Amino acid sequence: MKGFDDLFEIACGNSFIDHINNLKPDEKTASVNLSKNQIAILIQKLNSLPEKYIHLLFLYYNIGRTADIENLLNINNAENHINYLNQILSHSIGLRNSLIDNSSMKIACDTALSNEIFDLTNNKFIENINYSNEFKRNINKIIPHCYKATYKIFSKIAAVIIIMLIGTTSLFSFNVNARQKLLNWLINTFPKYSEFFYDSTDTATSSDLNKYNISYLPRGFNLYEKFESDSMITEEYRDSSDKYIWVLKKVSSNTPINLNTEDTEIQWLIYNGTEYMYWKSDGIHYITWELDGITFSINTNLDEETSIKIAESVKK
Amino acid sequence: MIFFVITISENDKKLICTLFKDNNKFLYYIANNILHNQHSSEDILQDTFVKISENIEKIKELDSSEQIAFCVVIVKNLSLNKLRNEKRTITSDNNSSLNEYSVSSSIPIDEKIIEKERVYEINKLIDLLSESDRTLLHLKWGMKMNYKEIADILNINEESAKKRGQRILKKVKNMYNERMKYK
């Protein structure tokens, strides 16, 4: 059985939580803009707070999304915590019947934290960190431009949607300037289309292609045509109108795929750790991605949301 | 939409990349100082940059020192959360193995109920204290501040803060014992 002192600590903690949860926003009390001297005192006071609360104030006054802050700082009711901190800090710097305004609080928090970080950055850090290959791969997914050259995927001239499945790249004159690398994708931009080639570390065989199937098809769609070769499968689904869904599954280590990218900007979609490229050209939605050594591509004249839903549904 | 959609402009991507290139070692160092594990620290660094990507619209409005401060706040708190979760996992693993072999080690339910009731009684007594006494208790046991920090906030010296804390504890304890006499 816990002794009184332990129970007292628990009770104090509970009392604090109750106090925070029952705190009413103090709209009647005026907020004041602090002088430089007052801000300097406030910074000193902030430095007396546990780091968690300085972080709370910093994030609140710079980012403002309380749900994210609560999650990150393991804190409930961030807004009321902010009000409480403002009350005790206002009182601490000698304000009577007024609170600290947002801009003064922001300046003080930023300075308090910057001072701490300045001290940290002046330390000598490990110069040579040998990040794991997995980390490098993953960070490349999060920050596409970080380790690769910048890219631009605009084809200027093409007028007609072309989906070409070309056997070899040598069929085309090669424009070095348009050759860019993005994550593990090598993208060659030609006047009428772009050529996507995935530099895969995974290996797949043609027998793996049939293991992946669409598990979501909009109502009314049926398989219209299927084509299979050694390294590739294409499926076309149609409904009774002119709507279609075209699906390509291709062994990545083989040949590139060529898709229309006229006047489009590619968006990156990351879902379950897989990077998807999405773009729209001439009313057609394109999604291309790589998984387990297979390059997938979907294009459809349905809407964006449906096209993404279809791509997401491709599973083993 | 089910996808986590990142539609980041070229300039924003460059900013994220710059933040990574300029600070990755420093951020890794912070994470590793908390976690002491390369794999976990790398995970945290990745998660940090996911958060940065998610908040890039706000981050780009900050000046460079604030941007770094943001990175530090994220990396520290993600690291601390991971550490907490790992400890929780270890504790719960230990508990499950203990429960399997030694049921008596857990606190009996009736004792828990008694403790809960006592805490409730103490809570009621804390409500009777003056606001300034309650503030001290909240700073000490709610925000887990030490007496030096409390003294700075309350503009008193450390010794006074400590004595006040002890006096309040004694006062509540006496009130509690008095009350228990009649129960």
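Annotations for the structure displayed:
- Those residues of the range B:155-183 which are more than 7 Å from chain A (Cβ to nearest Cβ) and among the hydrophobic types (A, V, I, L, M, F, W, C), in sequence order: B:I156, B:A161, B:I168, B:M175, B:M180
- Check on A:S207, more than 22 Å from A:T300 (Cβ to Cβ) and modelled with pLDDT under 90: yes
- Breaking point among (1) farther than 20 Å from B:I150 by Cβ; (2) touching a strand residue (DSSP E or B) at 6+ places or on another chain (Cβ under 8 Å); (3) surrounded by 16 or more Cβ atoms within 10 Å (Cβ to Cβ), for A:Q38: (2)
Yes/no per residue for (1) more than 25 Å from the chain's Cα centre (by Cα); (2) at pLDDT 75 or above:
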residue	(1), (2)
B:E100	yes, no
B:E111	yes, yes
B:I114	yes, yes
B:L125	yes, yes
B:L136	no, yes
B:W141	no, yes
B:K144	no, yes
B:A151	no, yes
B:E159	yes, yes
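- Those helices (runs of 4 or more DSSP H) of the range B:1-68 in which at least 2 residues are at pLDDT 90 or above and either over 25 Å from A:E312 (Cβ atoms) or at the interface with chain A (Cβ under 7 Å from one of its Cβ atoms) (or both), considering only elements entirely within it, cover B:10-35, B:38-54.
- Residues being part of a helix (DSSP H, G or I), more than 10 Å from chain B (Cβ to nearest Cβ) and of a type in the set (V, I, T) are entirely absent from the range A:95-102.
- When the range A:293-316 is filtered for residues that are more than 21 Å from A:I187 (Cβ to Cβ) and outside any strand (DSSP E or B), the ones remaining, listed by number, are A:N301, A:L302, A:D303, A:E304, A:E305, A:T306, A:K309, A:I310, A:E312, A:S313, A:K316.
- A single entry from A:S206, A:S215, A:S231 fulfils the requirement of being among the small types (G, A, S) and in contact with an Asp or Glu (Cβ under 6 Å, 6 or more places away or on another chain): A:S206.
- With respect to (1) surrounded by 20 or more Cβ atoms within 10 Å (Cβ to Cβ); (2) of a type in the set (A, V, I, L, M); (3) within 11 Å of chain B (Cβ to nearest Cβ), the lone exception for A:I107 is condition (1).
The values are calculated or read from the model by the stated rules, or taken from the named source; none is laboratory data. All figures in this text were calculated on a predicted structure; none of them were measured in a lab. So basically every Cβ, Gly included, is an ideal-geometry build from the backbone, and we count neighbours across all protein chains shown.
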